[in-house]
Amino acid sequence: ASNQAFAMLALSDQYAAASTDAMRAQFLAAGEALLVIHNPAGVNLGLFLVALAGLIASVVMLRSCVFGRPTAIFGVLANGLALAYYVALPLVPSIAFLFPAASAPFRLLWYILIAWRLFQLGRGAPEV
């Protein structure tokens, strides 16, 4: 994995220093190719669908007695905050990054609680 922002910065510097239109066109084409290769639309759609699925699973956990209420609540918080990013992005893009960051601790706890309960169920523990 690499951060294409640094590659774009280098291309931008080279574009600014280019002395001919042909050189500028070359750097422009390289920048457009870099954007196409690292298209974030697919990544964002994937993350959105994962958060949506997690929210649905968490709501199902709330109605179930298998995983317990704390597990479900952490899941709702983690996935709800992750989905809030997509609502905040067009409305307040300057703070949209806070939502995934805020969801991370809840997501970590949610995964730990799910794993713990699955291990219990694997050992034959009764439902809560």
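Kindly indicate whether any position in region 20-42 is assigned to a loop (DSSP other than H, G, I, E, B) and under 30 Å from residue 110 (Cβ atoms). Yes, the conditions are met somewhere in region 20-42. Test each condition in (1) open to solvent by 60 Å² or more (accessible area, probe 1.4 Å); (2) free of Cβ contacts under 8 Å to residues at least 12 places away in the same chain; (3) under 27 Å from the mean Cα position of the chain (by Cα) for residue 24 and report the one that comes out false. So the condition that residue 24 fails would be (3).
For first residues located in region 90-107 and part of a helix (DSSP H, G or I) and of a type in the set (Ser, Thr, Tyr), partners that are open to solvent by less than 70 Å² (accessible area, probe 1.4 Å) and modelled with pLDDT of 95 or more and lie 6+ apart or on another chain with Cβ distances below 7 Å form the pairs 103/78; 103/81; 103/82. If only residues of region 53-74 that are part of a helix (DSSP H, G or I) and hydroxyl-bearing (Ser, Thr, Tyr) are counted, the one that is farthest from the chain's Cα centre (by Cα) is 71.
So for region 55-72 (the condition being at positive phi and either exposed (fewer than 12 other Cβ atoms within 10 Å of the Cβ) or basic (Lys, Arg) (or both)), does at least one residue qualify? No, there is no match, as no residue in region 55-72 is at positive phi and either exposed (fewer than 12 other Cβ atoms within 10 Å of the Cβ) or basic (Lys, Arg) (or both). Please pick out the residue among 67, 97, 119 that is in contact with a helix residue (DSSP H, G or I) (Cβ under 6 Å, 6 or more places away or on another chain) and aromatic (Phe, Trp, Tyr). Of 67, 97, 119, the one residue that is in contact with a helix residue (DSSP H, G or I) (Cβ under 6 Å, 6 or more places away or on another chain) and aromatic (Phe, Trp, Tyr) is 67.
Quick one: which residue in 18, 104, 96, 82 is of a type in the set (A, V, I, L, M, F, W, C), under 30 Å from residue 125 (Cα atoms) and surrounded by 11 or more Cβ atoms within 10 Å (Cβ to Cβ)? Selected residue: 104, the only one of 18, 104, 96, 82 that is of a type in the set (A, V, I, L, M, F, W, C), under 30 Å from residue 125 (Cα atoms) and surrounded by 11 or more Cβ atoms within 10 Å (Cβ to Cβ).
Here residue 126 passes the criteria (1) part of a loop (DSSP other than H, G, I, E, B); (2) within 27 Å of residue 7 (Cβ to Cβ) except the one numbered (2). Listed conditions (1) among the small types (Gly, Ala, Ser); (2) under 14 Å from the mean Cα position of the chain (by Cα); (3) at pLDDT 95 or above; (4) surrounded by 12 or more Cβ atoms within 10 Å (Cβ to Cβ) are all met by residue 88, apart from (3). Within region 34-51, residues that are within 24 Å of residue 12 (Cβ to Cβ) have Cβ atoms under 9 Å from residues that are modelled with pLDDT under 80 in these pairs: 34/4; 35/4; 37/4; 38/2; 38/4, counting only partners at least 6 apart in sequence or on another chain.
The values are calculated or read from the model by the stated rules, or taken from the named source; none is laboratory data. As the structure is a computational prediction, the values presented were derived from the model and not from experiment. Neighbour counts run over all protein chains shown; Cβ positions are idealised from the backbone, glycine included. With ligands, DNA and RNA removed, areas are computed over all heavy atoms of the protein, side chains included. Shrake-Rupley method; radii C 1.70, N 1.55, O 1.52, S 1.80 Å.
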